[in-house]
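Beneath this line is the structure, given in structure tokens, with notes to follow.
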Amino acid sequence: MTRPSDRKPLRSGYTTGACAAAAAKAAVLCLLGQDNPGTVEIPFPDGSRHGFALGRFGRTEDDRAMATVVKDAGDDPDVTNGAEIGAVVRWLEESPEDGEERIVLVNGPGVGRATKPGLPVAVGEPAINPVPRRMIRTAAEEALAAIRAEGEPPNARLEEIGRASCRERV
């Protein structure tokens with residue numbers, strides 16, 4: 001029998017939402033014309049910042065940009081450990097109205113949609129909980145802040161298409 005003092009500490013990992021936020025930030029950087037940085041750093045709700053290695057990073061044929069992060073769940077027995085979590089982003093043609101979100105979240109393959117009341121998101125919305133939603137928006141806004149500093153109109157609007165999939169299928 002192993003004594004508690006003989007156990008090694010568990011290795012921490014990251015949630016799917018954190019990986020999606022990192023992928024979204026990287027995809028926005030790609031859309032803005034930046035080269036693959038290899039890693040991106042995002043803020044966490046507790047104020048800390050964490051870096052994520054990027055898997056894929058590039059432009060698509062239809063003027064979108066995409067990036068992926070391979071999820072590391074640490075020692076948590078999470079079925080999504082090792083999954084490639086990605087984001088695809090594009091500019092939207094219309095500018096946001098007052099009070100309208102600048103970043104629109106859309107579910108892609110592997111991301112469900114709320115179909116009944118009771119979740120903390122509206123029916124019809126991507127089934128992404130409030131904290132990961134904020135993390136994705138904050139990470140994307142960090143990337144957008146760079147272009148606003150260079151004079152791009154502040155009313156640019158993005159669509160972020162979340163993707164969660166196994167490496168072989170993305």
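Within segment 4-50, the set of residues being open to solvent by 50 Å² or more (accessible area, probe 1.4 Å) and among the charged types (D, E, K, R) comprises ASP6, ARG7, LYS8, ARG11, ASP35, GLU41, ASP46, ARG49. Against the test of being of a type in the set (Gly, Ala, Ser), under 14 Å from ALA23 (Cα atoms) and part of a loop (DSSP other than H, G, I, E, B), the options GLY86, GLY124, GLY55 yield a single qualifying residue, GLY55.
Only one of the listed residues (ALA156, ALA146, ALA164) is open to solvent by less than 70 Å² (accessible area, probe 1.4 Å), part of a loop (DSSP other than H, G, I, E, B), small (Gly, Ala, Ser) and modelled with pLDDT under 90. That residue is ALA156.
Residues considered: ALA53, ALA65. Of these, the only one that is hydrophobic (A, V, I, L, M, F, W, C), more than 11 Å from the chain's Cα centre (by Cα) and at pLDDT 95 or above is ALA53.
Scanning segment 8-44 for residues that are closer than 21 Å to ILE128 by Cβ, in a loop (DSSP other than H, G, I, E, B) and not hydrophobic (A, V, I, L, M, F, W, C) yields GLY13, TYR14, THR15. Of all residues in segment 108-127, those that are at pLDDT below 90, on the phi < 0 side of the Ramachandran plot and either in contact with a Leu (Cβ under 7 Å, 6 or more places away or on another chain) or of a type outside the set (A, V, I, L, M, F, W, C) (or both) total 7.
Being assigned to a loop (DSSP other than H, G, I, E, B), modelled with pLDDT under 95 and not polar (S, T, N, Q) is a property that holds for PRO96. Within segment 101-116, residues that are in contact (Cβ under 8 Å) with a residue 40 or more places away in the chain sit with their Cβ atoms under 6 Å from residues that are open to solvent by 50 Å² or more (accessible area, probe 1.4 Å), at 6+ positions apart or across chains, in these pairs: ILE103/ARG137; ASN107/ARG113; GLY108/ARG163; PRO109/ARG163; GLY110/ARG163. For first residues located in segment 22-47 and of a type outside the set (A, V, I, L, M, F, W, C), partners that are open to solvent by less than 50 Å² (accessible area, probe 1.4 Å) and in a loop (DSSP other than H, G, I, E, B) and lie 6+ apart or on another chain with Cβ distances below 7 Å form the pairs ASN36/LEU54; GLY38/LEU54; THR39/LEU54. Residues that are surrounded by 13 or more Cβ atoms within 10 Å (Cβ to Cβ) and in contact with a Phe, Trp or Tyr (Cβ under 9 Å, 6 or more places away or on another chain) within segment 51-63 comprise just one, PHE52.
Note on segment 1-15: residues that are modelled with pLDDT of 90 or more and out of contact with any Asp or Glu (no Cβ under 8 Å at 6 or more places or on another chain) amount to 1.
The values are calculated or read from the model by the stated rules, or taken from the named source; none is laboratory data. All figures in this text were calculated on a predicted structure; none of them were measured in a lab. Positions of Cβ are generated from backbone atoms using ideal geometry, with glycine treated the same way; all protein chains shown enter the neighbour counts. Heavy atoms of the whole protein, side chains included, go into the accessibility calculation; ligands, DNA and RNA do not. Shrake-Rupley method; radii C 1.70, N 1.55, O 1.52, S 1.80 Å.
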